[in-house]
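Report on the following structure.
The values are calculated or read from the model by the stated rules, or taken from the named source; none is laboratory data. Just so it is clear, the model here is predicted, and its values are computed rather than measured. Neighbour counts run over all protein chains shown; Cβ positions are idealised from the backbone, glycine included. Please note that ligands, DNA and RNA were not included when accessible areas were found on the heavy atoms of the full protein model with its side chains. Shrake-Rupley method; radii C 1.70, N 1.55, O 1.52, S 1.80 Å.
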Amino acid sequence: MLKVGLILYSVRDEMAKDAIDTVKKVGELGYKYIETCNHNAINDPGCGFGIPAGQLKETLDQFGTKVISTHIFPLEKADLDKVAEYNHIVGNHNIVNPMGKFSTYDDLMQQCEQFNAIGKKLHEEGLTFIYHNHEFEYRTFNGKTIMEHLYDNTDPDYLSFELDTFWTMRGAKNPVEMIKKFGKRIKLIHQKDFAWDSLQEINLIGLTPEDREMKPGEIVGMNGNSSYAKNGGKSIISKDEAEAEYRRRRQTSFTEIGTGIMPIQSIIDAANEYTDAKYIILEQDATRMPTQIDSIKKSMEGFKKFTGIEWS
């Protein structure tokens, strides 16, 4: 049975104001399983908000809450020894690379080698290395998706997957079928919901094989050389009206759990049957509610409609 968790990215604005107070609010709400989210790994090997490992654990312990995973970006530029040390202190064993950057088939194969090397090092530290997808991993090289290439060209002992079902659906793939396909390599599930009144289409990458295939010179994703990574996980938004409109429309696609159109019960059932995942983790990228705390409260209520999950 899946346990319900929360990635702190869902309350990142609150974390930026007062990280410790936000962690306390999350614990008071009853989220017992936390995934930290560090998009400032160039400068901080921990949770991304400068909280010492001991203080984070002590705060979570007050509410019987524990860290079950962490996103580290950009992982390839992080100090893995310090990342391992921090996470051993807080009691976490899952290290997640939240995104990659892909340009050519040869580059992808080199990254598979790099992922194996990172995974081996973390494995030796008693940690599990996990890759989290967005929609662009369902683009293809030679007719095979980036996700499939990652699956086929990495060692199962050194790379597992956190399947984000929302982005899988937006990559024009059925999340239930992908759960079946990737099976036991899936260690964590990320869950959002897609708004029925979204201004942006569900499918972000096209319908035909030609649409999906990566073109020469095309780049998808992001790594440690991006301005986002160098700026500590803060987006630098241009004044371009087209970019602003794209972001506005994109944000309308997110809604709280149980209020959208995703087949969440089927996802839960499939994850329980086909994967080794122990946690289904709420990730709320954007909300129309007054605050991010209001949003995760509503998603908690929404999750409670479903079977096959538990909270403690």
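Brief remarks on what is shown
- In this view, the solvent-accessible surface of D152, computed with a 1.4 Å probe and all protein chains in place, comes to about 90 Å².
- Each label point was placed 7 Å from the Cα along the Cα-to-Cβ direction; for K234 and Q55 their separation is 1.9 nm.
- Residue with peak Gaussian network fluctuation, the chain [Cα springs, cutoff 10 Å], from L60, L127, L207: L207
- With DNA, RNA and ligands ignored, accessible area of R249 (1.4 Å probe; Å², nearest 10): 90 Å²
- Our estimate of slack between S227 and R248, defined as 0.36 nm per intervening residue step minus the Cα-Cα distance, is 5.5 nm.
- Label-to-label distance for I202 and N43 is 4.1 nm, based on points extended 7 Å past Cα in the beta-carbon direction.
- Residue-normalised accessible area of the range 1-137, expressed per residue, 1.4 Å probe, Å²: 39 Å²
- For the chain, carbon and sulfur atoms together expose 48% of the accessible surface, with a 1.4 angstrom probe and every protein chain in place.
- Only protein heavy atoms count here; on that basis, with a 1.4 Å probe, H123 has an accessible area of about 100 Å².
- Interchain or long-range residues, amide H under 5 Å from I281's placed H: G5, I189, H190, Q191
- Percent RCO, i.e. relative contact order, over the range 123-257, from Cα pairs under 8 Å lying at least 6 residues apart: 26 percent
- Qualifying chymotrypsin sites (Phe, Trp or Tyr not before Pro) for the range 150-243 [loop in DSSP, other Cβ within 10 Å: at most 15]: W196
- Counted residue by residue at 0.36 nm each, then reduced by the alpha carbon distance between them, the extension gain from Q110 to D157 reaches 15.1 nm.
- A full extension of the chain between K184 and K305 corresponds to an added length of 40.9 nm, given 0.36 nm per residue minus the alpha carbon distance.
- Summed over all non-identical Cα pairs, the Kirkwood treatment of the chain gives a radius of 19.7 Å.
- Rg followed by Dmax, in Å, when the range 1-90 is reduced to its Cα trace: 12.3, 37
- Burial ranking of peptide ranges 260-270, 131-141 (average Cβ count within 10 Å, highest at the top): 131-141, 260-270
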